[in-house]
Amino acid sequence: MLEHVDVVHALYYLFMHALFECFGPSTTVLRLPSVLAVAAGAACVAELGRRLSGNPVGLGGGMAFGLLPSVQFYLQEGRPYALVAAGSGLSTLLLVAMLQGRRHRWGYWTAYGCTVFVCGLLNWLSLLILPAHLATLAWTRATRGTWLCWTAASVAATAGVTPLILFSRTQSGQVSWIPPLTWHMLIGPAILLAIAGVGTLLDRPRAGRLSAAAVGLPLLAVPQFGLVGLSLFKPLFVDRYVLFSLLGLALMIGVLLGALVGAVQRRSWSAARWVLPLSVAVASVVLLPQALAKRSPQSRVDDVLAAAAQVARLKKSGGAVLFVPAARRDTRLVSPHAFTGLQDIALEETPERSGTLKGVEWDAARIRTEMLARQRIVLVTDAEDASKPANSARDRTKISTLREYFRPVADEQVRGRRVTVYERRTPGRPS
């Protein structure tokens, strides 16, 4: 698996294997690390806000982080992105503590470097936090000693992650589905930066002074712009890769809420203490539809189990099954019982025998011969692939043979997958 496909997630897989061995493989065990990581990330934002601008900013920012829709989505996922966000929050908190002059020991710089290193192993794009921290150091005019310590820790962390980056480039086909960068992809980041910009104006940052804006704005903007820059050379723009940048957004939202508390406080001290509870309550109610939608099956756009259930409902014993592209064979690998009675007629060697994830298929001519010997074929593909040209000769042969000699009798789309049943045309019968 790691040699051919997912070396970028090696550390996360190892971590989850250990948890499954200790507590058993369950949905709860799969999701709980992400839930706890988001809680830790919110705590880091709260502490950052408290240190830099006071309790209202800290409390408001911490609550805001947990309510952000993207964070709500990934706190449920069995993926490393929430863990990266927690680690990024911790590394930022360590940096702020050292910039405030409270921590100068090498132990804290070592902890900073190790945290960045571990986050890099979980997702090497998290190294984009280093230029964000670089901007904060420049903004606050850090001392020469601080620059030297930060440089040493950053170089060590980057050097440790570099072998993973180089090896993962051999598996770049795993992100070939990401579309090229377009202007409409930048609308979301632009809105986030506008919110952060308002917070920056309210924070009134000054060069040489450590403030919430000096930390939060670079933490939001630099990873976003960095990913945009990388995407100009290789399409990589997916929001989850820089989920940790939303720590900066939450911190700037905290600044906005802190400014609101201050404005109300100047008029009524007793009314000011209700600003944060009311703001959080209103935000929770407004975002409730989003929160519920993020927790629904419909929010998952590539549901292998739902596609397998459709196959089980539509199949007939003695039929055949095809997968376009071959990677969609994962539907069968995950739910083999749903395909009982169906013969995978394109498969020459199983994944187990061939040592691959999707198996080895026959050549195009053999696949066509096998198809023409069948009366009923179930096709499992991506929802959008009906209108897209096939990439390989095998897949083109599958599609052209189905169109020429078969007719669809059932067609179901469900959350990113499409299951179509074809029957052999009767000679002379119109299609």
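The values are calculated or read from the model by the stated rules, or taken from the named source; none is laboratory data. Keep in mind it's a predicted model, so treat the numbers as computed, not measured. With ideal geometry, Cβ positions are generated from the backbone for all residues, glycine too; neighbour counts draw on all protein chains shown. When the accessible area is computed, the model is the full protein with side chains, heavy atoms only, and any ligands, DNA or RNA have been set aside. Shrake-Rupley method; radii C 1.70, N 1.55, O 1.52, S 1.80 Å.
Brief remarks on what is shown
- M1 passes every criterion in (1) under 17 Å from the mean Cα position of the chain (by Cα); (2) over 23 Å from K294 (Cβ atoms) apart from (1).
- Pair list, Cβ < 6 Å and 6+ apart or interchain, from the stretch 147-160 residues that are open to solvent by less than 30 Å² (accessible area, probe 1.4 Å) to residues that are in a helix (DSSP H, G or I) and among the β-branched types (V, I, T): A157/V116
- Here S70, S34, S88 are screened, and the one residue that is modelled with pLDDT under 95 and either open to solvent by 50 Å² or more (accessible area, probe 1.4 Å) or at negative phi (or both) is S70.
- Residue within the stretch 49-57 that is in contact (Cβ under 8 Å) with a residue 24 or more places away in the chain and at positive phi present: yes
- Count of the stretch 265-289 residues which are part of a helix (DSSP H, G or I), modelled with pLDDT under 90, surrounded by 12 or more Cβ atoms within 10 Å (Cβ to Cβ) and of a type outside the set (G, A, S): 1
- Among the residues making up the stretch 198-211, those that are under 15 Å from G254 (Cβ atoms) and open to solvent by less than 70 Å² (accessible area, probe 1.4 Å) are G199, T200, D203, P205, S211.
- In the stretch 171-197, the residues that are assigned to a loop (DSSP other than H, G, I, E, B) and exposed (fewer than 14 other Cβ atoms within 10 Å of the Cβ): S176, W177, P179, P180, T182
Matching residues to (1) under 15 Å from the mean Cα position of the chain (by Cα); (2) at positive phi; (3) open to solvent by 20 Å² or more (accessible area, probe 1.4 Å); (4) among the acidic types (D, E):
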position: V38; (1), (2), (3), (4): yes, no, no, no
position: V84; (1), (2), (3), (4): yes, no, no, no
position: G101; (1), (2), (3), (4): no, yes, yes, no
position: G107; (1), (2), (3), (4): no, no, yes, no
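- Only one entry of V8, V29 meets the criterion of being under 29 Å from L93 (Cβ atoms), modelled with pLDDT under 95 and part of a helix (DSSP H, G or I), and that entry is V8.
- Within the stretch 329-361, tally of residues that are in contact with a Leu (Cβ under 9 Å, 6 or more places away or on another chain) and hydroxyl-bearing (S, T, Y): 2
- Checking G359 against (1) buried (at least 16 other Cβ atoms within 10 Å of the Cβ); (2) at pLDDT 90 or above; (3) not hydroxyl-bearing (S, T, Y), the condition it does not meet: (2)
- Taken as a whole, the condition of being in contact (Cβ under 8 Å) with a residue 24 or more places away in the chain, open to solvent by less than 40 Å² (accessible area, probe 1.4 Å) and over 26 Å from R50 (Cα atoms) does not apply to S126.
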